[in-house]
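The values are calculated or read from the model by the stated rules, or taken from the named source; none is laboratory data. None of these values were measured; they are calculated from a predicted model. Here the Cβ positions follow ideal geometry from the backbone for every residue, glycine too, while neighbour counts run over all protein chains shown. In case anyone asks, the SASA skips ligands and DNA or RNA and just uses the protein heavy atoms, side chains included. Shrake-Rupley method; radii C 1.70, N 1.55, O 1.52, S 1.80 Å.
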Amino acid sequence: MDQVNQLKEKGNAALAAENFDEAIKCYTSAIELDPNNHVLYSNRSAAYAKARKYALALEDANKTVSLNPSWSKGYSRKGSALAYLWRFDESIEAYEKGLQLDPSNAQLAEGLENVKKQAMEAKIRSDALFEKLQADPRTREWLKDPEYVKMVKSVNPNDVSTIEPYMSDNRLMQTLSVMLSLNIGTPMDVDDPPAPEPKPAQPPKKEEPPKPKYDDLPENRRKALQEKDLGNEYYKKKDFDNALVHYNKAIESDPTDITFYTNIAAVFFEQKEYEKCIKECEKAIEIGRENRADFKLIAKAFTRIGNAYKKMEQWKLAKTYYEKSMSEHRTPEIKTLLSEVEKKIIEEEKKAYIDPVKAEQEKELGNEYFKKGDYSTAMKHYSEAIKRNPDDPKLYSNRAACYTKLAAFDLGLKDCEQCCKLDPKFIKGWIRKGKILQGMQQHAKALNAYQKALELDSSNAEALEGYRSCSTQLNSNPEEVRKRAMADPEVQAILRDPAMRCILEQMQQDPHALQDHLRNPDIAAKIQKLLESGLIAIH
């Protein structure tokens, strides 16, 4: 699972750096190792959506929902992908399903509101499109063809798969040009002015070269963003040294942009220079605060610090910075990271508390109070001993004795089961379990416990006495035995099974048939249950 988490984090870093292909590659590799991890499909769905591969984004969102139908974020991913594909009714349904699972989820509520607006805008754009098609002499004639109308309604410039079926239709390009002039796929101005009247043909103008990127920005800002873009290209190629050169040049031109610092931190993180990553993120937060950066960018810097501390296995510091990130911008991903480190902290605290010497001291104190009849105080000392040495089966046996004296049979039984699990050859654990089950009037189960003890030592007096007592109790009154057995839901289910009834009838007619049936583990277990209940006997 460590490899899966590493690939997931690598994918998250690539996604944050807008390296969508690399993110998809990382998530795909993680999925190959852990194909039932719904979070991985969710993350890859987000990467596909960012890469404008909306059909694949929907496919992964559907897989997320199928793996974990109760996880509300899966429906958010599904709703988003469906909206990109213009399937607005289905998108609304997905968001509403997510809100049924998590009514207070602000992200789902916002997504639902947005997709409803998009659906309304799409209707307006569709009406405007048909008006333009009706105004054009060529497309006006084509609208008389039902197949053409079908094409217009189904084609979405955002989704190549909707265009491919009509590539051989000569009318497609004319239609797409009209659709794109209406900015289909993005919000449009409802009061879009009518198309100008066609002008006489003019000689073709010499094409002007495109304006350089960021040409409209101040020189320092333009240079900074160009350097950042160069840095990103090197980052994608994993040429981290050159990436750092360009990110630092970006800072020289514009030292106020928080993203330049967080990008440098991302490089240090990839290079496993976690201390440097942390310092750069701290600088980013300071710069961001001074220049009123978006709180989401501040949260991202805190998260990266948390990730660095997590890699260094400094769980408490990681927790602190994840909490700071959550205070800036709450996301399910950070909540998951926070839960992971909180579990690690608990595990580490438990490990640090283990001390067999102190456990033995607490056990001796428990024994002293038990002899005095102060079972409550004895139990507290045994509990402390268990915390100090949770793998010692005798401690659970001792505490079970206290619970028995205090008539807390259910808690005593739980301790006996743990004791026997830790050391199946510890005979006292089985005997104690048998006594507790007797006290709970579960004589058949107590008989089994004593039988386990006798398998370890056939001459043990306590086990023999318990076994005889349970046998007598189970078989003393046939009518009581029958009533008790028939009240057991497990026995009732066995007797209602037509196949078991046939087997029992066969056993009456031919006792030798029993050996054949006992070869089947399921049937053998059911016959054993009937034997323990006293309803049947084998002679």
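Numbers for the structure displayed
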quantity	calculated
Residue within region 300-312 that is of a type in the set (Val, Ile, Thr) and farther than 20 Å from Asp2 by Cα present	no
Among the candidates Ala449, Ala400, residue that is more than 17 Å from Tyr382 (Cβ to Cβ) and among the aliphatic types (A, V, I, L, M)	Ala449
Test: Tyr396 is farther than 23 Å from Glu455 by Cβ and not acidic (Asp, Glu)	no
Tally, over region 270-286, of residues that are part of a helix (DSSP H, G or I) and open to solvent by 30 Å² or more (accessible area, probe 1.4 Å)	8
Matching residues, region 288-307, being open to solvent by 30 Å² or more (accessible area, probe 1.4 Å), part of a helix (DSSP H, G or I) and without any contact (Cβ under 8 Å) to a residue 60 or more places away in the chain	Arg289, Glu290, Phe295, Lys296, Leu297, Arg304
Only one of Asp294, Asp241 that is over 26 Å from Lys335 (Cα atoms) and not hydroxyl-bearing (Ser, Thr, Tyr)	Asp241
